[in-house]
Amino acid sequence: RKEVEQDPGPFNVPEGATVAFNCTYSNSASQSFFWYRQDCRKEPKLLMSVYSSGNEDGRFTAQLNRASQYISLLIRDSKLSDSATYLCGEKAGGFKTIFGAGTRLFVKA
Amino acid sequence: EPEVTQTPSHQVTQMGQEVILRCVPISNHLYFYWYRQILGQKVEFLVSFYNNEISEKSEIFDDQFSVERPDGSNFTLKIRSTKLEDSAMYFCASSGQTQETQYFGPGTRLLVL
């Protein structure tokens, strides 16, 4: 089983839609979780860290479900500029971040 | 806002040649990393560096690779005797005291011919 798994998509949604992505992880010892955004041929940029209590930043909400070992990202009121690949990442106490392969999102006008 | 910088942005080399990729991490960060991303694939961890030594490395990071922090600001990745399969985007990243959030540089696109 892969360490971090994501639905590759693509998700095609109209502007203004709400869209959600999940990411599952296999290591129950994982301690830290992140959502990054990656535009084509660019570096990953941190979108938000994911806390046990969940966190929200504007239109973006991240949740962690330790029992089922997944994290989620909800994007409300999608904008054209939200079109990107969304990477989930996890750290199990070491130094490295393990990334999923990413979920592609296309927001259409 | 402080950012990680990398040079060069693109590098083309012949198979068997040595390349050095350079990074300037965020100035008050203590943990440094190299990742790579082969076209169309996921971002993969190569190595982490702390207190002037390698703290963790992946299976990819074999004897062909080495890292160095030659001065107080630069962090380099050397690839000896490059192979075709080394063609990828190489990202440098750094993080602060908590080892938490890692901030990525814009990457060096390496093409081995």
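Bear in mind that the values in this text are calculations on the coordinates, not laboratory data. Remember, predicted model here, so these are calculated numbers, not experimental data. Cβ coordinates were reconstructed from backbone atoms using ideal geometry, including for glycine residues, and neighbour counts include every protein chain displayed.
Structure notes:
- Estimated FRET transfer efficiency (residue B:7, residue A:109; beta-carbon r; R0 35 Å; 0.05): 0.40
- Sparsely packed loop sites in region A:43-90 (the chymotrypsin sites (Phe, Trp or Tyr not before Pro) outside DSSP H, G, I, E and B with at most 15 other Cβ atoms within 10 Å) comprise A:51.
- Computed label-point distance, nm, for sites residue B:111 and residue A:56 using a 7 Å Cα→Cβ extension: 4.7 nm
- Coil-residue GluC sites (Glu not before Pro) of region B:28-68, DSSP, other Cβ within 10 Å capped at 11: B:59
- Peptide A:29-42 - average C-beta neighbours from other chains (10 Å radius): 2
- The protein assembly as shown: translational diffusion in µm²/s, Stokes-Einstein, Kirkwood Rh over Cα pairs, 20 °C, 1.002 mPa s: 119 µm²/s
- Average beta carbon contacts from partner chains per residue of B:81-94, 10 Å cutoff: 1
- Pairs of Lys in the protein assembly as shown closer than 15 Å at Cα, counting only those 8 or more apart or on different chains: 9
- Size descriptors for region B:1-110, from the alpha-carbon set: Rg then Dmax equal 13.0, 40 Å.
- Restricting region A:1-102 to trypsin sites (Lys or Arg not before Pro) in coil, as DSSP defines it, with at most 12 other Cβ within 10 Å: A:1, A:2, A:41, A:66, A:79
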